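Take a look at the structure set out below.
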Amino acid sequence: AKGDPLGEMLLSPAGFYHMTARTAANIQSRMTVVLEGGYNHTNVAKCSEAVVSALLGDSVPLIKANLEDSVNPHTIKALKKVIRVQRKHWNCFDTTAHRACLATGAHQLRVSDLQLAKHTSLLKKHALQRSQ
């Protein structure tokens, strides 16, 4: 989580929300969430709250990013590995944003290529369905 002195993953509570909500939107059965690590108790609490909020279908927090910002090259490399493995098993990894990530070089992917606005509207739809 962002602010964790050991993990240094820089994932904000909003990022945890989106990651959880996107996973939950593509699972048809039960989901288990496991808390591991965390040395900044304030951030652990905030990120845990975000995960529970996503599962409950609470409102979607915005991820604050400049659309023209480049995505970290290490993030792109990790995303490519995940997409290549997971798209064999999950059709949700075959979107325009996923194909853009696979096709770009390490320094060419921008935040705008991830189509966050489109995903936010889908998350709101899935959150509404889960809350009913």
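Within segment 37-53, the residues that satisfy the criterion of being over 16 Å from the mean Cα position of the chain (by Cα) and either exposed (fewer than 12 other Cβ atoms within 10 Å of the Cβ) or of a type in the set (S, T, Y) (or both) are G37, Y39, H41, T42.
Assess whether S59 counts as being open to solvent by 70 Å² or more (accessible area, probe 1.4 Å) and farther than 23 Å from L109 by Cα.
Values: open to solvent by 70 Å² or more (accessible area, probe 1.4 Å): yes; farther than 23 Å from L109 by Cα: yes.
Criteria met by S59.
For segment 1-31, how many residues meet the condition of being among the polar types (S, T, N, Q), part of a loop (DSSP other than H, G, I, E, B) and out of contact with any Phe, Trp or Tyr (no Cβ under 8 Å at 6 or more places or on another chain)?
First, pick out the residues of segment 1-31 that are among the polar types (S, T, N, Q): 12, 20, 23, 26, 28-29.
Still in the running and part of a loop (DSSP other than H, G, I, E, B): 12, 26, 28-29.
From the residues that got through so far, the ones that are out of contact with any Phe, Trp or Tyr (no Cβ under 8 Å at 6 or more places or on another chain) too are 12, 28-29.
Residues meeting the conditions: 3.
Under the condition of being at pLDDT below 75 and of a type in the set (A, V, I, L, M), the residues counted in segment 1-15 number 4. You will find that of V82, V34, the residue that is in a helix (DSSP H, G or I) and open to solvent by 40 Å² or more (accessible area, probe 1.4 Å) is V82 and no other.
Among residues of segment 91-102 that are closer than 12 Å to N26 by Cβ and among the aromatic types (F, W, Y), those with a beta-carbon under 9 Å from a residue that is open to solvent by less than 40 Å² (accessible area, probe 1.4 Å) and modelled with pLDDT of 75 or more at least six positions away or on a different chain give the pairs F93/I83.
If only residues of segment 85-116 that are touching a helix residue (DSSP H, G or I) at 6+ places or on another chain (Cβ under 7 Å) and open to solvent by 80 Å² or more (accessible area, probe 1.4 Å) are counted, the one that is modelled with the highest pLDDT is R87.
The values are calculated or read from the model by the stated rules, or taken from the named source; none is laboratory data. Since the structure is predicted, the reported quantities are computational estimates derived from the model, not experimental observations. Methodologically, a virtual Cβ is constructed for each residue, glycine included, from the backbone with ideal geometry; neighbour enumeration extends over all protein chains shown. Side chains are part of the model used for accessible areas, which takes the heavy atoms of the whole protein and leaves out ligands, DNA and RNA. Shrake-Rupley method; radii C 1.70, N 1.55, O 1.52, S 1.80 Å.
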